[in-house]
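Peer 1: First, the structure itself, so that you have it in front of you.
Values quoted throughout were computed directly from the atomic coordinates according to the rules given, and no laboratory measurement underlies them. On a predicted model such as this, the values are computed, not experimentally measured, just so you know. Cβ coordinates were reconstructed from backbone atoms using ideal geometry, including for glycine residues, and neighbour counts include every protein chain displayed.
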Amino acid sequence: MQIYNSETRKKEEFIPHVAGKVKMYTCGPTVYHYAHIGNLRTYICEDVLEKYLRFAGYDVQRIMNITDVGHLTSDGDTGDDKMLKGAKREHKTVMEIADFYTKAFFADAAALNIKTPEIVEPATSCIDDFIKVIGVLKEKGYAYEAGGNVYFDTSKLESYYRFGDFTGDDLEVAVRDDVTEDGNKRNKTDFVLWFTKSKFDSQELKWPSPFGTGYPGWHIECSCIGMKHAGDYLDIHCGGVDNAFPHHTNEIAQSEAYLGHKWCGYWFHVHHLNTDTGKMSKSKGEFLTVSLLKEKGYDPVAYRFFCLGSHYRNSLMFTWENLDNAVTSYNKLIGRIARLIPDAHGDVDEEKAKELLKGFTAALDNDLNTSLAITALYDVLKAECSAATKLFAIEKMDSVLSLSLIEHAKASLSAPGENDVPDEVKALLEERKAARSEKNFALADEIRDKIAALGYEVRETREGTIVKRIGG
Ligand code: AMP
Ligand code: ZN
């Protein structure tokens, strides 16, 4: 598989540290509010990456943190603590906020068919790990205490900027007019590993440490949680592109200083979901959530389809019109798949199915090109082969795309309306089911004929029993 590595700014052949195994780290949500559908675009693309690596035969270990402490609203020195902001907004404690929005995040993710990583670790459960790593960084001379806080000394590194898209000039966050410079820092790019003294006097969560009672900075949590579970080498680190600087840059700085060697092989950054006012973000106040999509009558999976229609390295423009167009295409696709189901009996031609999957794997092998993978799905529908073979190939593709294709196609067949089945037919179907389970096929056939006399056709398919109005 070829994958674009933000660190080298090239598409590279993906070669994990240990053959056949992939250690994949994902920056998790900051749980002070609902995730917006922009955040969720990033998690959808990461989900496809994980599922495709598994499809390609890798044994994947996926790790995600939950940021429940330490994340400031801006990366300059004036930022507020996001968790405290959430707690104040809702008159709750920080932990109540964290618990509520962690659950909300995974409920939204589930509605979008995003798999929960095997390892999910909140920052607040790893304080000892952070203290240990910060202690080693101090011993090695990479960290210093000033004004009560512990800072990482970026001047000790041979190269601090690791993502070529950024230069020192872009990053003078600490010396912009609107940002108060933190006078404790030796270098403008230094960052806090551990806070004890800060403007957040009302900080609820504090822990004792050799550096004083306080709490961790945001960046240290991802390094430590990654190393805690994956050991000394990560294969892929994922996140939205806004995290490349300073968050991921700082993660590399502290992890490599601690380990003494290169930490992560590939950096996978998903570009933003934008609206007409720019990047969708919570700080602007108005943002769209999965619940809002549902309230407006959208199936969250159709939003997933919308996201997969564009490449993860292109920003994606959200408008209701764009979403509606995606919904129309999605519904048509489901309709076409549904039409295969009644004819999907007989054997699957596995050789043919393999051939059908070639376009799909070629698309995803080329830096996860999901829009071409969807084109490959339409090619399957047009192919010359049995419906059973087509459905088999579509099911395999959907194990990666997770668009609920077969499930929704089946549901559309038995949906109320045109195909609404009368109670009399339903009762006969139950009788027929019982006859079949007793292997009384003669009776089952008799019942099928009775159902046909009422104008309904029953078929057994690979997907189960299908009932359709004759000629419907
Ligand atoms: P947060 O909960 O703020 O820590 O962000 C969670 C993830 O969403 C991070 O990987 C961010 O980089 C990503 N993200 C934030 N805004 C957007 C956006 N508008 N489009 C896509 N991803 C985003
Ligand atoms: Zn992170």
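Peer 1: What residues qualify as long-range amide H neighbours of R469, i.e. H under 5 Å apart, gap of 5 or more or another chain, H built at 1.01 Å from N?
Peer 2: Under 5 Å from the amide H of R469: E457.
Peer 1: Run through the DSSP bridge list for region 17-270 and note the antiparallel percent, rounded to the nearest 5.
Peer 2: On the way: 11 of 31 bridges.
Bridges in region 17-270 that DSSP calls antiparallel: roughly 35 percent.
Peer 1: Same structure again: Antiparallel DSSP bridges in the chain: what percent, to the nearest 5?
Peer 2: 50 percent
Peer 1: Would you kindly derive the ³J(HN,Hα) couplings of region 372-378 from the backbone phi angles with the Karplus curve 6.51 cos²θ - 1.76 cosθ + 1.60 (θ = phi - 60°), listing them in order in whole Hz, with x for Gly and Pro?
Peer 2: Here the 3J(HN,Hα) series is 6, 5, 5, 4, 4, 5, 5 Hz.
Peer 1: To one decimal place, what Kirkwood hydrodynamic radius in Å is obtained for region 270-387 from all pairs of distinct Cα atoms?
Peer 2: Evaluated on region 270-387, it is 16.4 Å.
Peer 1: Which peptide among 324-337, 218-231, 447-460 comes first, and what is the full order, when sorted by highest mean count of other Cβ atoms within 10 Å?
Peer 2: Going from most to least packed, we get 218-231, 324-337, 447-460.
Peer 1: Please give the peptides 182-191, 275-284 ranked by average Cβ packing (other Cβ atoms within 10 Å per residue), highest first, as a rough proxy for protection.
Peer 2: Values: 182-191: 17.7, 275-284: 13.8.
Order by mean packing, descending: 182-191, 275-284.
Peer 1: Right, next: Projected onto the charge dipole of region 278-413 (+1 at Lys/Arg Cβ, -1 at Asp/Glu Cβ, origin at the Cα centre), which of H408, I394, L308 gives the Cα projection farthest towards the positive end?
Peer 2: Result: L308.
Peer 1: Residues with amide H under 5 Å of V421's amide H, sequence separation 5 or more or different chain, H placed in the peptide plane at 1.01 Å from N; which?
Peer 2: Residues meeting the criterion, in which the H sits 1.01 Å from N, do not exist here.
Peer 1: Right, here's the next one. Please give the calculated 222 nm ellipticity per residue for the chain, where each DSSP H segment of at least 4 residues contributes -39500 (n - 2.57) and the sum is spread over every residue; nearest 500 deg cm²/dmol?
Peer 2: Dividing the helical sum by the residues of the chain leaves -13500 deg cm²/dmol.
Peer 1: A follow-up question, please. Beyond a 30 Å Cα-Cα separation, which of these cross-linked pairs lie in this structure: K103/K228; K88/K140; K115/K433; K382/K410?
Peer 2: Long pairs (Cα-Cα over 30 Å): K88/K140; K115/K433.
Peer 1: Have a look at the DSSP beta bridges in region 1-114 and tell me what percent are antiparallel, nearest 5.
Peer 2: Of all bridge pairs located within region 1-114, approximately 40 percent are antiparallel.
Peer 1: Of L333, M1, F55, whose Cα points farthest to the positive end of the dipole of the chain (charges on the beta-carbon: +1 Lys, Arg; -1 Asp, Glu; origin at the Cα centre)?
Peer 2: Most positive-ward Cα: L333.
Peer 1: Local charge sum around T213 (other residues, Cβ-Cβ under 11 Å, Lys/Arg +1, Asp/Glu -1)?
Peer 2: +2
Peer 1: Give a residue-ordered list of calculated ³J(HN,Hα) values for region 379-392 (Karplus: 6.51 cos²θ - 1.76 cosθ + 1.60, θ = phi - 60°; whole Hz; x for Gly, Pro).
Peer 2: 4, 4, 4, 8, 5, 8, 6, 5, 4, 5, 5, 4, 5, 4
Peer 1: With the contact rule set at Cα under 8 Å and sequence spacing of 6 or more, what percent relative contact order holds for the chain?
Peer 2: 16 percent
Peer 1: Further question: Only Cα pairs under 8 Å and at least 6 apart count here; give the relative contact order of region 17-270 as a rounded whole percent.
Peer 2: The value is 25 percent.
Peer 1: Please compute the contact order of region 418-469 in relative form: average sequence separation of alpha-carbon pairs under 8 Å and at least six residues apart, divided by the residue count, as a percent.
Peer 2: 29 percent
Peer 1: Put one equal scatterer on each alpha carbon of region 418-469, apply the Debye formula with no solvent term, and list log10 I(q)/I(0) at q = 0.32 1/Å to two decimals.
Peer 2: So the normalised log intensities work out to -1.38.
Peer 1: Still on this structure, I have one more. Between beta-carbons, use under 10 Å as the cut-off and find the net charge around V421, counting Lys and Arg +1, Asp and Glu -1.
Peer 2: Every neighbour counted, the sum reads 0.
Peer 1: Further question on the same structure: Peptides 27-35, 365-373: what's the order by average Cβ count within 10 Å, highest mean first?
Peer 2: 27-35, 365-373
Peer 1: Give me a comma-separated list of calculated 3J(HN,Hα) values for region 225-232, in order, Karplus coefficients 6.51, -1.76, 1.60 applied at θ = phi - 60°, integers in Hz, x for any Gly or Pro.
Peer 2: Calculated HN-Hα couplings, in order: 5, x, 5, 4, 9, 9, x, 7 Hz.
Peer 1: Pairs K185/K206; K51/K468; K23/K185; K296/K426; K85/K282: which exceed 24 Å Cα-Cα? Let's see the in-between values first.
Peer 2: On the way: K185/K206 22 Å; K51/K468 34 Å; K23/K185 34 Å; K296/K426 33 Å; K85/K282 12 Å.
Check vs 24 Å cut-off fails for K51/K468; K23/K185; K296/K426.
Peer 1: Taking the C-alpha atoms of the chain, how large are the radius of gyration and the largest Cα-Cα span, Dmax, in Å?
Peer 2: Expressed in Å, the Cα Rg and Dmax of the chain come to 26.5, 88.
Peer 1: Per the Kirkwood formula on distinct C-alpha pairs, the Rh of region 17-270 is how many angstrom?
Peer 2: For region 17-270, the Kirkwood estimate is 18.7 Å.
Peer 1: Specify the angular offset, from 0 to 90 degrees and rounded to the nearest 10, of the alpha carbon long axis of helix 441-453 from the longest principal axis of the alpha carbons in the chain.
Peer 2: Helix 441-453 and the main axis of the chain meet at about 90 degrees.
Peer 1: Here is a further query. I want the local charge near H229. Using Cβ-Cβ distances under 11 Å, sum +1 for each Lys or Arg and -1 for each Asp or Glu among the other residues.
Peer 2: 0
Peer 1: Tell me which residues come under 5 Å, amide H to amide H, from H269 once H is placed; ignore anything under 5 positions away on its chain.
Peer 2: Correct list: S6.
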